[in-house]
Each structure stands twice: as structure tokens, then as C-alpha cells.
Amino acid sequence: MARRMLDASNQGLLLQFWLATSSLSKGKTRMDRNRLQHQAASMRRSLFDQGYLDEPFIQLEELQDDASPNFVQEIVTLFYTDSARLIQNIEHALNSRPIDFDKLDDYMHQFKGSSSSIRAKKVTNECTVFREYCSAENAEGCMRSFQQVKQDYAILRRKLEVYLQMVRQAAVSQKA
Amino acid sequence: MSDEDIVNNNLTALVVDDSPMIRKLHEMHLKKFGLKVQVAENGKNAVDLFRCGASFNLILMDKEMPIMDGAEATKELRIMGVTSMIVGVTSLDSIFERQAFMEAGLDHCFTKPLTSENIIFLLQELNNKNNEEN
């Protein structure tokens, strides 16, 4: 099921990654450790190249250290919690009649704030588009844009989970 | 200001934001630069901290918060005589809204999220401010 969720460009990476980690259990080699790190780096590069994340995401990762070894995962988890709440609020507001565009704009402003903080480029850009439709009180535009926001967010979340799993495995192999 | 001076400071900061994620992010970012950091969930909590005698060299202030927003809190702090550096950190798009936030009493206003470059700039500004006062 996890494999169906990934597009073709990431499936190859993940397959190589699983082969590398399974070889780790048979006997760790420096080559395997390097391969894991390289694959995590490639996955991150693809997130940047595909526009899901901005390169300053690296600054966020650099904040993680031995004192806070799970910092990135904690931030990402908080982002998911914020996002789930805001998506639900926006959906509810879009389904209300009459539509309260001020409230909608306020929710999307919050979503834009948290997605830009985590450097989620595509999601942030689409939030801006949504807010433009909100200013124009264009309900149809808001609904179309919101579908795009949800789609971009869902894809980002799947890719981020894969990437963070790779990073964790690479970190474990480093310590071994 | 050398890299060593940047990190070996005795500065304190207050991060005011209603988002737990952004509070955590900015707190960690500032700690990396050697600041001692506290957080507050909204403007009222920030003002209450100062009323209880707390003080900070730097306040990072979000604009949109429940109970008391960043502009209101900034005005209140300035009326109280707080001379800390207050820096707005906001995702506001409108120049008019940002200008209004600045006019509440901010020293600077940055777009979210804060970057390492922003923090280095602020530390240099704080260093200059300390030198002028001494």
C-alpha cells in the first residue's frame, strides 16, 4: 500500500533504500551507510526540485542536534496537527451559507503562516491564490483552490514521511 | 561582531505566537544563537509577563493572535515603558497592515519564518543598542 501511494520517481529510490537497509541487517558496511545518506539527500533534492519544499528547509534541519534529536519530526508533526485543524475549519466554512469570506481568509492566513514556516512552497503559494479568491469573494475559485491546497498538502505529507524515514535510518546506521 | 560574540551573548528573548509549531521553531532557532528563551501564547500573556516583573532583551511578536493581537500587545508594552527590542514576525501580505503593525511600536518587522540571517541582524542591532546605552 505504501508503494502505491508513491509516484514512479520515488518508488525506485525507496526500493533501493529498502534493499540497502535489509543489507544492513546482514552486515553493516560503510558503502551501505553512504548509500543511505545519499538516498536521503536525493529524496530531499527531489522535494526541492519538484517545488514541494524550499531550500531553506535545510536551516530547519540544522537546528536538530543531540540535545533535540527528534526536533524536525516534532516540528513536522505539529505542522500536521495545525494543518488538519485548519483544513477542517476551512471545509466547514466553505460549506456554510452564506460563506463568511473574512473567516475563510483568516483560516487560510493561519495555514499560510504555518506552511511557510516549514518551507512548504507549493502549499504556501496555493494558500496565496486562495486568499486572492477570498478577497474577490469568489466562492467557486476558493473551492477550486482549496482542492489544490489539499492535494499539494497530501502529496507533501507522503513525501516528507518517506524522506524522514530515510533520514532516521541513515542516522541509525551512522551510530551502528 | 565575531561569530563567537554572536553565540556567547547573555541575551534573553520572548517568543509570542499562538502557533505551537512556530513557538517551538523560533525558540530553537534563538537558542542556537545562545539566547535564553521563553514563550507566550498570545499578546496578553506577554504583557502579563512584563507586569509580573519579567524582562527580555528581544521580543518576537506575531500579529494575528487570539485574546490580544501583536499590535495591541506592542502598544501596551510601549505604554508600560518597555524598551526591549520588539520585532514583528508575520505572514501579513498587505503593506498597509505591516505599516500599521510597525506603527504600534515595533523596531523591525520580518516575514515568517525567521531566518538565521534575520537573527544575526537582530543580534548585531542588540549589540549596537547595548553599546549606545553603555
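The values are calculated or read from the model by the stated rules, or taken from the named source; none is laboratory data. Values in this document were obtained by computation on a predicted structure and should not be read as measured data. Ideal geometry is used to build each Cβ from the backbone, glycine not excepted, and the neighbour counts take in all protein chains shown.
Observations on the model:
- Residues that are under 14 Å from B:P113 (Cβ atoms) and at pLDDT below 95, drawn from the stretch A:64-97: A:D82
- If you filter the stretch A:115-154 down to residues that are charged (D, E, K, R) and away from chain B (no Cβ under 12 Å), you find that the one that is surrounded by the fewest Cβ atoms within 10 Å (Cβ to Cβ) is A:E140.
- Subset of the stretch B:86-133 [within 26 Å of B:M68 (Cα to Cα), within 13 Å of chain A (Cβ to nearest Cβ) and among the polar types (S, T, N, Q)]: B:T90, B:S91, B:S94, B:T111, B:T115, B:N118
- Within the stretch A:79-105, the set of residues being more than 12 Å from chain B (Cβ to nearest Cβ), part of a helix (DSSP H, G or I) and either surrounded by fewer than 17 Cβ atoms within 10 Å (Cβ to Cβ) or in contact (Cβ under 8 Å) with a residue 60 or more places away in the chain (or both) comprises A:A84, A:I87, A:Q88, A:E91, A:H92, A:L94, A:N95, A:D102, A:K103.
- Entry remark, the stretch A:29-48: residues being under 15 Å from A:A120 (Cβ atoms) and surrounded by fewer than 14 Cβ atoms within 10 Å (Cβ to Cβ) number 0 in total.
- Among residues of the stretch B:23-41 that are over 16 Å from B:L122 (Cβ atoms), those with a beta-carbon under 6 Å from a residue that is in a helix (DSSP H, G or I) at least six positions away or on a different chain give the pairs B:V39/B:R23; B:V39/B:E27; B:A40/B:A46.
- Scanning the stretch A:31-73 for residues that are part of a loop (DSSP other than H, G, I, E, B), touching a helix residue (DSSP H, G or I) at 6+ places or on another chain (Cβ under 7 Å) and more than 14 Å from chain B (Cβ to nearest Cβ) turns up A:G51, A:Y52.
- Any hit, the stretch A:153-162, residues being charged (D, E, K, R), in contact with a Phe, Trp or Tyr (Cβ under 8 Å, 6 or more places away or on another chain) and in a helix (DSSP H, G or I): yes
- Residues located in the stretch B:41-74, provided they are part of a helix (DSSP H, G or I) and more than 10 Å from B:L14 (Cα to Cα): B:G43, B:K44, B:N45, B:V47, B:D48, B:F50, B:R51, B:G70, B:A71, B:E72, B:A73, B:T74
- Residue in the stretch B:90-100 that is surrounded by 15 or more Cβ atoms within 10 Å (Cβ to Cβ), closer than 24 Å to B:M21 by Cα and modelled with pLDDT of 95 or more present: no
- Qualifying residue in the stretch B:119-132 (condition: more than 20 Å from B:N10 (Cα to Cα) and without any contact (Cβ under 8 Å) to a residue 12 or more places away in the chain): no
- Test set (1) without any contact (Cβ under 8 Å) to a residue 40 or more places away in the chain; (2) hydrophobic (A, V, I, L, M, F, W, C); (3) within 13 Å of chain B (Cβ to nearest Cβ) - A:V76 fails condition number: (1)
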